[in-house]
Structure formats: structure tokens, C-alpha cells
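**Student:** Before I ask anything, let me first share the structure, which is written out below as C-alpha cells.
The values are calculated or read from the model by the stated rules, or taken from the named source; none is laboratory data. Only a predicted model underlies this, so the values are computations on that prediction, with no experimental measurement involved. Every residue, glycine as well, gets a Cβ built from its backbone with ideal geometry; the counts of neighbours run over all protein chains shown.
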């Protein structure tokens with residue numbers, strides 16, 4: 001069966017996933033093009049640096065291709081990708097950046113408070129003024145769609161601590177972003 | 001600013017100028033992985049085939065090869081110059097192959113021992129188990 005590029009571009013994610021699971025790299029390529037920007041944005045919002053974020057996004061796509069037959073079509077494909085990417089990122093942080101999970105974060109906090117408020121277009125810059133753990137918890141919650149309980153389990157943190165990080169992060173963002 | 005506004009900001013997709021480059025990198029790595037895996041399977045098949053073939057070489061035969069080899073050398077002598085030269089060439093080649101085979105005798109004997117089979121079999125199983133465990137760990 002010949003698959004036309006135009007068919008791929010107009011096909012739904014579900015169709016492309018089915019084709020990809022059957023081994024079509026062309027269909028998977030279309031999925032990559034469709035969701036690459038969203039995943040790369042998500043990785044940066046979690047706190048990954050530019051190159052690292054892109055490498056992890058690439059790895060996520062490769063893993064997703066291997067596991068396409070495990071996608072249950074219960075939610076958007078990008079949500080599934082974000083879940084894979086987030087778990088891998090957290091695992092990497094736990095292995096290499098344990099200091100993020102300690103209580104005293106003062107040595108690792110951003111160097112200065114923002115001098116002015118940010119427009120909504122500068123949202124990503126505003127995020128960089130959050131504490132890394134607050135940013136991570138917020139992104140896992142609001143971007144990847146993890147529940148508070150899921151974040152607590154993923155980060156091996158008490159539920160109350162996760163809720164506090166999220167609340168402080170939200171309050172901070174509400175203050176510095178112009179509505 | 002309300003929470004739902006923040007959620008929409010979190011889900012706002014940034015635009016990257018190198019989206020096509022990124023997608024091509026992913027597909028390139030995918031193709032390489034596929035190619036590498038196929039090559040590895042072919043290589044494993046080849047090694048397995050060689051191993052299986054080596055089991056069929058009866059080692060006692062090598063000790064009987066010498067007289068055969070000598071008679072073959074004697075028959076290659078002829079009065080015709082061209083034929084003699086080509087005969088010498090093939091005799092020489094035969095001698096080298098014979099030497100090579102004799103040198104291999106020790107290794108072939110080793111490969112045919114039960115412990116070699118069990119050690120290599122165990123290593124293969126461990127490699128497959130490690131690969132599978134790593135594959136499972138990637139996502140969960």
C-alpha cells in the first residue's frame with residue numbers, strides 16, 4: 001500500500017500512530033514534525049537547557065516509536081509524549097542533580113528577582129525566575145498534566161511539599177506576569 | 001491572572017526555526033538504529049551459522065589429511081610449464097590453507113567443548129535479558 005505525503009499531512013494523530021505502529025517511518029516522521037515544537041517547549045519549561053532539551057526530546061521520539069503499540073488512544077498523543085519525556089527528565093535529575101530535591105535551595109536559586117513584570121509573550125523568561133523545584137512541579141502539573149499525587153511519587157517527595165511548591169510557583173507567576 | 005490562563009500559557013507552543021532539521025535528526029537516528037539492529041541480527045546469524053558449521057568438523061579427520069595433501073602435491077607436477085606454474089600456485093595455496101586449518105585445530109576443538117557452548121549461551125541470554133530490562137526501564 002502506497003502512502004501519499006498529502007494523506008499523512010491530513011491524517012489524524014490516531015491514524016498516524018496506527019501507521020507508525022505498523023512500521024511506517026514516514027507516518028512517524030509526520031508525527032515528529034507535528035509535535036516537535038510542543039515537546040521541545042515542554043522540555044525547556046521543565047528546566048532543561050537548550051541542547052539537553054532537544055536531545056531528550058529526540059530520545060523521547062525514538063522511545064515513542066518503539067512503544068507506539070502501547071499507546072492506548074485515551075488522550076492526545078502529545079500528552080503521552082510529554083509523560084515519557086517528563087519521566088525521563090525527572091529520572092535524569094534524580095541521578096545527576098540531586099541538589100534540586102534538598103530543602104535548602106538558597107545556593108541554587110536564581111540570582112536576582114525580576115525588576116519588572118513580564119508580558120505573556122515572555123512567559124518562558126518569567127519561568128526562569130522561579131526556583132528550579134517550583135518550576136519543575138508546576139510544569140509537571142500544568143504542562144504534562146501530572147496530578148499532585150503523581151508528582152509526589154515521581155519526585156519521592158511528600159504530597160504537602162509538592163502542593164506548597166506548586167502554590168508558591170503559581171503565586172509568583174501571577175505576580176510577575178501581566179494579565 | 002487566573003490559573004486557567006497560566007495553564008494556557010504552559011500549553012502555548014513556541015515556534016522553532018529548525019523544526020525540519022530536528023525532525024530529520026530524529027528520523028536519521030531512527031534509520032540508523034533500524035540499520036544497526038538489522039546488521040547486528042545478521043552478524044549474530046552469521047556467527048551462529050559459523051559456530052553450527054564448526055560443530056560438524058570431525059577433528060580426527062585433520063590427522064588423516066596429511067597423506068592426502070602430499071599425494072595432491074605429487075600429482076601437481078607436470079612437464080607443461082604453464083600448467084606446472086599454476087599447479088605450484090594451487091599447491092602453495094593449498095599448503096597455506098592446510099596450515100591455517102591446522103592452526104585452527106586448537107580453536108575448533110575449543111569451540112566444540114560443552115563448556116564453550118554453555119558459556120557463550122549464558123552470555124547471549126544475559127545480553128538479551130539486559131537489553132530487555134533496559135528497554136522496560138526506559139518508560140516506567
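**Student:** Inside the stretch A:57-71, can you point out the residues that are within 8 Å of chain B (Cβ to nearest Cβ), in contact with a helix residue (DSSP H, G or I) (Cβ under 7 Å, 6 or more places away or on another chain) and without any contact (Cβ under 8 Å) to a residue 40 or more places away in the chain?
**Tutor:** A:57, A:58, A:61, A:62, A:63, A:67
**Student:** Which of the residues that make up the stretch A:123-150 are in contact (Cβ under 8 Å) with a residue 12 or more places away in the chain and not in a helix (DSSP H, G or I)?
**Tutor:** Residues satisfying the conditions are A:128, A:129, A:130, A:131, A:143, A:144, A:145, A:146.
**Student:** Separate question: Among the candidates A:165, A:172, which residue alone is more than 22 Å from residue A:84 (Cβ to Cβ), in contact with a helix residue (DSSP H, G or I) (Cβ under 8 Å, 6 or more places away or on another chain) and away from chain B (no Cβ under 14 Å)?
**Tutor:** Numbers: A:172 fails: away from chain B (no Cβ under 14 Å).
Exactly one of A:165, A:172 is more than 22 Å from residue A:84 (Cβ to Cβ), in contact with a helix residue (DSSP H, G or I) (Cβ under 8 Å, 6 or more places away or on another chain) and away from chain B (no Cβ under 14 Å), namely A:165.
**Student:** Could you tell me how many of the residues in the stretch B:84-109 are touching a helix residue (DSSP H, G or I) at 6+ places or on another chain (Cβ under 6 Å) and closer than 21 Å to residue B:52 by Cβ?
**Tutor:** 2
**Student:** When the stretch B:1-16 is examined, which residues are found to be within 12 Å of residue A:170 (Cβ to Cβ), within 7 Å of another protein chain (Cβ to nearest Cβ) and not in a helix (DSSP H, G or I)?
**Tutor:** B:1
**Student:** Among the residues that make up the stretch A:45-53, is at least one of them modelled with pLDDT under 90, assigned to a loop (DSSP other than H, G, I, E, B) and either surrounded by fewer than 18 Cβ atoms within 10 Å (Cβ to Cβ) or at the interface with chain B (Cβ under 9 Å from one of its Cβ atoms) (or both)?
**Tutor:** Scanning the stretch A:45-53 turns up at least one residue that is modelled with pLDDT under 90, assigned to a loop (DSSP other than H, G, I, E, B) and either surrounded by fewer than 18 Cβ atoms within 10 Å (Cβ to Cβ) or at the interface with chain B (Cβ under 9 Å from one of its Cβ atoms) (or both).
**Student:** Name the residues in the stretch A:4-19 that are surrounded by 12 or more Cβ atoms within 10 Å (Cβ to Cβ) and either touching a strand residue (DSSP E or B) at 6+ places or on another chain (Cβ under 6 Å) or within 14 Å of another protein chain (Cβ to nearest Cβ) (or both), would you?
**Tutor:** A:8, A:16
Residue by residue, here is whether (1) surrounded by fewer than 13 Cβ atoms within 10 Å (Cβ to Cβ); (2) modelled with pLDDT of 90 or more; (3) over 17 Å from the mean Cα position of the chain (by Cα); (4) away from every other protein chain (no Cβ under 14 Å) holds:
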site	(1), (2), (3), (4)
B:41	yes, yes, no, yes
B:59	yes, no, yes, yes
B:66	yes, no, yes, yes
B:73	no, no, yes, yes
B:104	no, no, yes, yes
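**Student:** Okay, next question. Filter the stretch B:22-32 down to the residues that are more than 7 Å from every other protein chain (Cβ to nearest Cβ) and surrounded by 12 or more Cβ atoms within 10 Å (Cβ to Cβ) and list them by number.
**Tutor:** Within the stretch B:22-32, B:24 is the sole residue that qualifies.
**Student:** Would you mind telling me which numbered condition in (1) surrounded by 17 or more Cβ atoms within 10 Å (Cβ to Cβ); (2) more than 11 Å from every other protein chain (Cβ to nearest Cβ); (3) under 30 Å from residue A:7 (Cβ atoms) residue A:22 fails?
**Tutor:** (1)
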